[in-house]
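What follows is a structure written as structure tokens; I'll ask about it next.
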Amino acid sequence: MGLAESRTISLKGADKISTRVQNASELPSPAPESAPSEGGKVLVKSYGCQMNVYDATRMADLLGREGYAETADEAEADLVILNTCHIREKAAEKIYSELGKLALEKREREASGREMKIVVAGCVAQAEGEEVLRRQRAVDLVVGPQSYHRLPDLLKQAKGGQRLTDTEFAVEDKFDALPQPSRAQIRARGVSTFVTVQEGCDKFCSFCVVPYTRGAEVSRPVADIVAETRRLVDAGVREITLIGQNVNAYCGVDEKGAEWSLASLLGRLAEMPGIKRLRYTTSHPVDMAQDLIDAHEAIPKLMPFVHLPVQSGSDRVLKAMNRKHTVAGYLDIIARLRKARPDVAMSSDFIVGFPGETDEDFEATMALVREAGFASSFSFKYSPRPGTPGAERADQIDEEVKRARLAALQALLEEQRQAFNAATVGKTIDVLFEKPGRHEGQIGGKSPYMQAVHVNGPADMIGEVARVAIVAAGSNSLAGRLISEGEEAKA
Ligand code: SAM
Ligand code: SF4
């Protein structure tokens, strides 16, 4: 099938997602408890951020309603969806090498009379559109992050032999069209889960593709989030992480049309008795409002761990990045968070080698890290992205320099991470148990600070929060011992 036969489904004037207020009772009905598999088997592979993880589960729920059963095994999948990431060049290129392997598999299948459909979803789909069909002829369908609720219709057309691209931002609300997962699906996904509350970004940092791939900032209505969360909690979920590209820019409306901040939303969700822990990610320093900082003191269920990307410790670079915050402003947020919640731990994202970054600028980043202290972090070499202002600059930094700076920064961040973990040894902390451990008789969970913790304990404690004495820190997890209330009182 040639590219001439592909087409784009276009919805003119659809540059915003609707945010109409919706009653909980209007939410789409849940998937049946055990979905029939007459549609075949689907594998949704997710790359990149938590938003993609969430979208992948919603795609699986949607296709479950169409009769597709989920599989983790590529060899038995009739439909493979790659839910892609475009944030750095490496992430995008990885998709094409994955598609190359899938194309071989598809050819072999076809030779033996079996069909396989390949869908590219997510941010590569949005950014590259028909180019994906051009570069890889085995791809049947390219669908953007704001149109994946149309997958059932698109797949029907693809079955008829058409190759399609749908990367328009929908006029209808994607979330209205997505079915809720069944209780069995929720249980299978574990006791900790994500809920998208906000999508898109209006910040236009000069290095970043997100505003182009995910569109403008849009917040989901309060009632929808409450209804989705209640359903998750009723089925056994105990920890909810509210997610959004700029989650703290959340301003969803309630039934009366009043706008709620992220802090108000967290306060509302904390009232649900089944919820044991709340988190939110990813935040932007500019939207770190005082009511959200205060929420860390007022809401005990809100975990004392904040992921707050700073990107650079140089005001000159921050300005060039169009970050709209300064180093002093960032440090002030941390100080206010620590005042509200003295045990708060911080995490961040860093980019080294942004165009024009000097040795002094990089040293300023190292100084910021030393001053702030991070429990964990993500750090990256700057990757020029097509269409972003950073990529146009003539003063790109040499790859070798970027590599050396990243190595130095990561060594410092790793030292801080290990020190943070080591400082937990000897303390007694709350752990939410999430799954069986790697060894017989073990269970594993998370500390309030996102550290993996394992103890010897019964599997029926999964979903429970219990007191754990930390006895040792490994490179990636903590070992602990369950302790009774009486034992803790005596200590
Ligand atoms: N919205 C968040 C924020 O404001 O920082 C983060 C979004 S982005 C998905 C996650 C991280 O990827 C960013 O914080 C940044 O550190 C990194 N990133 C984004 N664009 C990049 C680029 N062109 N090169 C290297 N890293 C990049
Ligand atoms: Fe990208 Fe900046 Fe928006 Fe974060 S705030 S998603 S880094 S443009």
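The values are calculated or read from the model by the stated rules, or taken from the named source; none is laboratory data. All values derive from a computational prediction rather than experimental measurement. Here Cβ is always computed from backbone atoms with ideal geometry, including for glycine, and neighbour counts include all displayed protein chains. Quick note on the areas: whole protein, heavy atoms, side chains included, nothing else; ligands and nucleic acids left out. Shrake-Rupley method; radii C 1.70, N 1.55, O 1.52, S 1.80 Å.
I'm checking my understanding of the structure. Among residues of region 261-283 that are open to solvent by less than 10 Å² (accessible area, probe 1.4 Å) and not aliphatic (A, V, I, L, M), which one is farthest from ligand 2 (Cβ to nearest atom)?
ARG277
Follow-up question, since we're still on this one. Sort out which residues of region 187-208 are hydrophobic (A, V, I, L, M, F, W, C) and open to solvent by less than 10 Å² (accessible area, probe 1.4 Å), and write them in order of number. It would help to see each step written out before you state the result.
Of the residues in region 187-208, the ones hydrophobic (A, V, I, L, M, F, W, C) are 188, 191, 194-195, 197, 201, 204-205, 207-208.
VAL195, VAL197, listed by residue number.
Of the residues ALA295, ALA328, ALA289, ALA335, only one is in contact with a Gly (Cβ under 7 Å, 6 or more places away or on another chain) and modelled with pLDDT of 95 or more; which?
Only one candidate passes the filter, namely ALA295.
Using the structure shown, decide if SER347 is small (Gly, Ala, Ser) and within 16 Å of ligand 2 (Cβ to nearest atom). Break it down into steps so the answer makes sense when it comes.
Numbers: small (Gly, Ala, Ser): yes; within 16 Å of ligand 2 (Cβ to nearest atom): yes.
For SER347, the condition - small (Gly, Ala, Ser) and within 16 Å of ligand 2 (Cβ to nearest atom) - is met.
Cβ contacts < 7 Å: first residue more than 19 Å from LEU178 (Cα to Cα) and of a type in the set (Ser, Thr, Tyr), restricted to region 219-248; second residue within 16 Å of ligand 2 (Cβ to nearest atom) and modelled with pLDDT of 95 or more, any location; separation 6+ or different chain. Result?
THR241/TYR280; THR241/THR281
What pairs can you find where one residue is in region 416-431 and of a type in the set (Ser, Thr, Tyr), the other is at pLDDT 95 or above and not in a loop (DSSP other than H, G, I, E, B), and their Cβ atoms are less than 8 Å apart, with a gap of 6+ or different chains?
These pairs meet every condition: THR424/ILE470; THR424/ALA473; THR424/LEU478; THR428/ARG467; THR428/VAL468; THR428/ALA469; THR428/ILE470.
For the structure I just gave you, tell me whether GLU93 is open to solvent by 30 Å² or more (accessible area, probe 1.4 Å) and over 23 Å from GLU199 (Cβ atoms).
yes
To continue, here is another question. Looking only at region 237-273, count how many residues are within 23 Å of LYS446 (Cα to Cα) and modelled with pLDDT under 95.
Adding up the residues that qualify gives 1.
Going by what's in this entry, would GLY122 be described as touching a residue at least 24 places away in the same chain (Cβ under 8 Å) and crowded, with 22+ Cβ neighbours inside 10 Å?
Spelling it out, GLY122 is indeed touching a residue at least 24 places away in the same chain (Cβ under 8 Å) and crowded, with 22+ Cβ neighbours inside 10 Å.
A follow-up question, please. Does at least one position in region 385-405 carry a residue that is without any contact (Cβ under 8 Å) to a residue 60 or more places away in the chain, touching a Ser or Thr at 6+ places or on another chain (Cβ under 8 Å) and among the aliphatic types (A, V, I, L, M)?
Among the residues of region 385-405, not one is without any contact (Cβ under 8 Å) to a residue 60 or more places away in the chain, touching a Ser or Thr at 6+ places or on another chain (Cβ under 8 Å) and among the aliphatic types (A, V, I, L, M), which makes the answer no.
Further, regarding this structure: Looking at region 247-283, which of its residues are within 16 Å of ligand 1 (Cβ to nearest atom), within 28 Å of ASP430 (Cα to Cα) and not charged (D, E, K, R)?
Once the filter is applied, which keeps residues that are within 16 Å of ligand 1 (Cβ to nearest atom), within 28 Å of ASP430 (Cα to Cα) and not charged (D, E, K, R), region 247-283 yields VAL247, ASN248, LEU262, TYR280, THR281, THR282, SER283.
Continuing with this model, one more query. Of all residues in region 201-219, which are more than 14 Å from ligand 1 (Cβ to nearest atom) and modelled with pLDDT of 95 or more?
Across region 201-219, the qualifying residue is only SER219.
Residues in region 78-126 that are out of contact with any strand residue (DSSP E or B) (no Cβ under 9 Å at 6 or more places or on another chain) and hydrophobic (A, V, I, L, M, F, W, C): how many?
Qualifying residue count, region 78-126: 2.
Is there any pair with a first residue in region 341-353 that is closer than 17 Å to VAL327 by Cβ and open to solvent by 20 Å² or more (accessible area, probe 1.4 Å) and a second that is near ligand 1 (Cβ under 9 Å from one of its atoms) and part of a strand (DSSP E or B) whose Cβ atoms are under 7 Å apart and which are 6 or more apart or on different chains, and what are they?
ASP349/GLN311; ASP349/PHE378
If you don't mind, there's one more thing I want to ask. Which members of region 158-185 meet the condition of being open to solvent by less than 50 Å² (accessible area, probe 1.4 Å) and either closer than 22 Å to ARG231 by Cβ or free of Cβ contacts under 8 Å to residues at least 40 places away in the same chain (or both)?
ASP173, LYS174, PHE175, ASP176, ALA177, LEU178, PRO179, GLN180, PRO181, SER182, ALA184, GLN185
Let's see how each residue does on (1) part of a loop (DSSP other than H, G, I, E, B); (2) surrounded by 20 or more Cβ atoms within 10 Å (Cβ to Cβ); (3) of a type in the set (D, E, K, R):
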position	(1), (2), (3)
LEU331	no, no, no
ALA335	no, no, no
GLU357	yes, yes, yes
GLU360	no, no, yes
ALA367	no, no, no
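Which of the residues that make up region 299-329 are assigned to a loop (DSSP other than H, G, I, E, B) and more than 16 Å from ligand 1 (Cβ to nearest atom)?
First pass over region 299-329, keeping only residues assigned to a loop (DSSP other than H, G, I, E, B): 299-301, 303-304, 308-310, 312-314, 321-326.
Result: ILE299, PRO300, LYS301, MET303, PRO304.
Filter region 414-436 down to the residues that are of a type outside the set (A, V, I, L, M) and assigned to a strand (DSSP E or B) and list them by number.
Selection gives THR428, ASP430, PHE433, GLU434, LYS435, PRO436.
So which residues in region 369-387 are crowded, with 18+ Cβ neighbours inside 10 Å and not in a strand (DSSP E or B)?
Answer for region 369-387, where residues must be crowded, with 18+ Cβ neighbours inside 10 Å and not in a strand (DSSP E or B): VAL369, ALA372, PHE374, ALA375, TYR382, SER383, ARG385.
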